[in-house]
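The values are calculated or read from the model by the stated rules, or taken from the named source; none is laboratory data. Computed from a prediction, not measured in an experiment: that's the story for all the values here. Cβ atoms come from the backbone with ideal geometry, glycine included; neighbour counts cover every protein chain shown. Each accessible area value is taken on the protein alone, full model and side chains, heavy atoms only, with ligands, DNA and RNA left out. Shrake-Rupley method; radii C 1.70, N 1.55, O 1.52, S 1.80 Å.
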Amino acid sequence: MPGKSRDYAAASVRAIAGLLAPAIVLAAASGCTPQAQQFVNKIRAESAEKCNEGNQAACHTIVQALSDTKVAIESTAPLETQTPACNAGKQDACQQLAVLHGELSSWCSTGNDPACAAVNTGPWPAKWDEPALIGAAKLACLSGQFKPDSNTCQALQTM
């Protein structure tokens with residue numbers, strides 16, 4: 001789900017679920033339930049269906065309403081490669097994981113069960129200073145070490 005902040009219409013729900021890239025999404029739904037929550041429900045249902053069909057990328061999808069009209073879609077797939085890299089001393093992987101963990105922890109605090117499951121099960125690095133790594137990631141975004149449209153920089157904008 002790494003990628004740029006993008007706006008999508010609700011008609012592209014299937015495309016978004018297939019892409020599974022972290023994105024800020026503009027939901028275009030209607031009804032009494034907030035637009036974003038309706039969109040979250042659709043993406044979660046699509047992801048669960050695709051996961052049950054064996055699509056591993058869909059199994060790693062976590063969706064969060066950020067406001068009444070904005071939705072974030074995140075993937076936990078990077079944990080499988082970045083956690084070993086971080087444990088091996090690769091600082092940029094540690095910074096990216098710290099931001100992902102912070103973002104998912106924030107979502108967990110709002111009652112997002114899939115985010116809580118990811119926070120609680122990981123795999124996360126063995127030893128790390130998450131606040132310091134998030135600070136370093138902010139500097140990496142500002143200095144251009146991480147591209148402004150990277151998952152990490154985009155997540156930092158919403159944290």
Collect the residues in segment 114-130 that are surrounded by fewer than 19 Cβ atoms within 10 Å (Cβ to Cβ), in a loop (DSSP other than H, G, I, E, B) and touching a helix residue (DSSP H, G or I) at 6+ places or on another chain (Cβ under 7 Å), keeping them in residue-number order. Gly122, Pro123, Ala126, Trp128
If you take the residues of segment 131-150 that are open to solvent by less than 40 Å² (accessible area, probe 1.4 Å) and touching a helix residue (DSSP H, G or I) at 6+ places or on another chain (Cβ under 8 Å), which of them is nearest to Gly89 (Cα to Cα)? Leu133
Can we say Leu156 is open to solvent by less than 50 Å² (accessible area, probe 1.4 Å) and assigned to a helix (DSSP H, G or I)? yes
What pairs can you find where one residue is in segment 102-130 and free of Cβ contacts under 8 Å to residues at least 60 places away in the same chain, the other is of a type in the set (Ser, Thr, Tyr) and open to solvent by less than 60 Å² (accessible area, probe 1.4 Å), and their Cβ atoms are less than 6 Å apart, with a gap of 6+ or different chains? Ala118/Thr76; Val119/Ser105; Pro123/Thr83; Pro125/Thr83
Candidates Ala72, Ala29, filtered to the one that is outside any helix (DSSP H, G or I), modelled with pLDDT under 85, of a type in the set (Gly, Ala, Ser) and crowded, with 18+ Cβ neighbours inside 10 Å: Ala29
Which residue is nearest to the chain's Cα centre (by Cα), if the candidates are limited to segment 80-113 and must be under 16 Å from Ala155 (Cβ atoms) and open to solvent by 50 Å² or more (accessible area, probe 1.4 Å)? Ser106
Residues of segment 111-139 being out of contact with any Ser or Thr (no Cβ under 6 Å at 6 or more places or on another chain), closer than 26 Å to Asp149 by Cβ and of a type in the set (Val, Ile, Thr), which ones? Ile134
